[in-house]
1. Taking strands (runs of 3 or more DSSP E) that fall entirely within segment 48-131, which contain at least 1 residues that are within 30 Å of Val157 (Cβ to Cβ) and not polar (S, T, N, Q)?
2. Please state which one of Lys159, Lys191, Lys175, Lys171 is of a type outside the set (A, V, I, L, M, F, W, C) and surrounded by 15 or more Cβ atoms within 10 Å (Cβ to Cβ).
3. Tell me which of these Ile36 doesn't satisfy, since it passes every other one: (1) at pLDDT 90 or above; (2) touching a helix residue (DSSP H, G or I) at 6+ places or on another chain (Cβ under 8 Å); (3) more than 25 Å from Gln87 (Cα to Cα).
4. Tally time: how many residues in segment 138-149 are closer than 15 Å to Val111 by Cβ and either in a helix (DSSP H, G or I) or not polar (S, T, N, Q) (or both)?
5. So Lys243 clears everything in (1) at pLDDT below 90; (2) basic (Lys, Arg); (3) surrounded by 11 or more Cβ atoms within 10 Å (Cβ to Cβ) except one condition, right? Which one?
6. Output the residues belonging to segment 134-151 that are over 31 Å from the mean Cα position of the chain (by Cα) and touching a residue at least 24 places away in the same chain (Cβ under 8 Å).
7. Out of all the residues in segment 215-265, which are hydroxyl-bearing (Ser, Thr, Tyr) and farther than 20 Å from Ser201 by Cβ?
Amino acid sequence: MVEEIEDVLGKGILEKILNLLFEENPLSYNQISEKISIDYGTLKKTMIRNKDYFQESSKDGKTKFFKLSILGEKFVREKLEDYKKKQDYFKELDEALKRKQVLVEELSEEVKNIIQNKEINLNREGKSIYIDVGELAVENPALSEMLLEKPDEVIGVFKNSLEKDYDIRFKNLPKTAIINIEELRQEHLNKLIMVECRSVSLSNVRPIIKNIKFECPSCGTVHSVLQNDSFIRRPSRCSCGRKGGFREISKEMVNAANVMLEDLTCKG
C-alpha cells in the first residue's frame, strides 16, 4: 500500500508526509523527520504551510503527535480512488486493444483468402479498387456485415492485404445502408453508409491538420491528439501530472474541401 500511495501522490515532501501519516499515526515531528529522511526545519515548515491536512492527535509533555485531518484523509482517499479508476480504465483499454488485435488478425486471414482465391472481383480504376458489397455478402456474409458495422477495421485490413496502396471504394451497398440526409442520426456514426443527395457547392481544396503528436518534456510520453479545422487541440494533462507546455513533434496533414449537400427533392 505504501508504494501504491507513493505512486498516486508523488515523491514531494508534502506527499511523503501524507503517505506516512495515512499508513502510520500518530507521529511526532522527530519521528516523521526520521522516517522520511527530511530535516526537522523543512518538515515543520511544510506541515505548518499545509496545516489543513494535519491535526494534533496528542501531546506527551512538550512533544506533539500528529495524524491526518479529515481533509487530509479525504484528499488521500480521493487520490487513491482516482488512481484505481485510471488503473481499471487502462486495464479495460488494454483488453480492448488485445481483442481488436485478435479481430484484425482473423480478418487479415479471411481477406487474404478472398484476394488470393479471387472469391470476389476487385475492379481496379486508376489508384482505386472497387469492391461489390453485394458480391462480398454472398461469398462471406459475416465479413460483409462487419464491413458495414466496423468499416475502418475492415478497410484497413483490405489496404494492408493488397500489394499496392489503393484507395478502397464500395458499390452495390444493401438498401439498409442507403440513407437520405434527413434520416442521418447518431447511430450512423462510424458505419458504412451511402447518402442519396446532390452537391450544391464545393470549397477550394486546402491542407488541414488531421493529427498532431506532442511530447511531454517531463517524462517523454507522446500524446497523439486528433484535430478539427477550427483550432489546435493540445493535451491538457500527462499521466505524470504535468499540465501544459507540451512539445509538438509531428503533424499529419491531408488535403480537404468542404462540400455542401442537400436532399434530393425528386427521385426517379
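The values are calculated or read from the model by the stated rules, or taken from the named source; none is laboratory data. Just so you know, these numbers come straight off a predicted model, no measurement behind them. Glycine also receives a Cβ, built like all others from the backbone with ideal geometry; neighbour counts cover every protein chain displayed.
1. Values: elements: 54-60, 63-68, 122-125.
Passing ranges, in order: 122-125.
2. Values: Lys191 fails: surrounded by 15 or more Cβ atoms within 10 Å (Cβ to Cβ); Lys175 fails: surrounded by 15 or more Cβ atoms within 10 Å (Cβ to Cβ); Lys171 fails: surrounded by 15 or more Cβ atoms within 10 Å (Cβ to Cβ).
Result of the check over Lys159, Lys191, Lys175, Lys171: Lys159.
3. Result: Ile36 fails condition (1) only.
4. Result for segment 138-149: 8.
5. Tallying (1) at pLDDT below 90; (2) basic (Lys, Arg); (3) surrounded by 11 or more Cβ atoms within 10 Å (Cβ to Cβ), Lys243 fails exactly one: (3).
6. Gly134, Glu135, Ala137, Glu139, Asn140
7. Of everything in segment 215-265, those that are hydroxyl-bearing (Ser, Thr, Tyr) and farther than 20 Å from Ser201 by Cβ turn out to be Ser218, Thr221, Ser224, Ser236, Ser239, Ser250.
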